[in-house]
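Below is one structure, written out as structure tokens, with a few remarks after it.
None of the figures in this text is laboratory data; all of them are computed from the coordinates on show. This structure is a prediction, so every number in the text was calculated from the model and none was measured. Here the Cβ positions follow ideal geometry from the backbone for every residue, glycine too, while neighbour counts run over all protein chains shown.
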Amino acid sequence: MGYIKGLVHGAVVGTLIGLWVAPQSGERTRAQLRAFGKAARDGIDTAQRTAQHVAPVVGGAAALAREQIERRRHREEAEAAFRATPQNGHR
């Protein structure tokens with residue numbers, strides 16, 4: 001947890017120093033920050049909507065994959081059991 005805390009503190013301090021020594025006016029910088037914040041929120045909203053649409057598809061694909069794996073496992077177990085069963089000389 002210390003690493004994350006240090007990372008966040010470093011980001012905050014770096015941002016503050018960057019804003020303090022910025023070569024443009026505060027008004028312009030604040031406008032850029034507002035635009036960046038809005039774009040970030042829009043991006044997060046888009047990612048959330050995409051995830052809501054994709055999650056059922058991925059979940060369905062995972063369920064199909066699990067089902068195929070189970071079928072294969074059962075088939076392999078049945079084949080192994082068949083091979084291990086004596087055939088009364090019919091082999």
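Quick look at the numbers
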| quantity | calculated |
| --- | --- |
| Integer Hz, Karplus 6.51/-1.76/1.60 couplings in order for the range 8-20, x for Gly and Pro | 5, 4, x, 5, 5, 4, x, 5, 4, 5, x, 5, 5 |
| Label point distance in nm, Ile69-Thr46, each placed 7 Å from Cα along Cα→Cβ | 3.4 nm |
| Compactness of the chain as Cα Rg over 2.2 N^0.38 Å, two decimals | 2.42 |
| Angle between the chain longest axis and helix 26-84 axis [Cα atoms, degrees, rounded to 10] | 10 degrees |
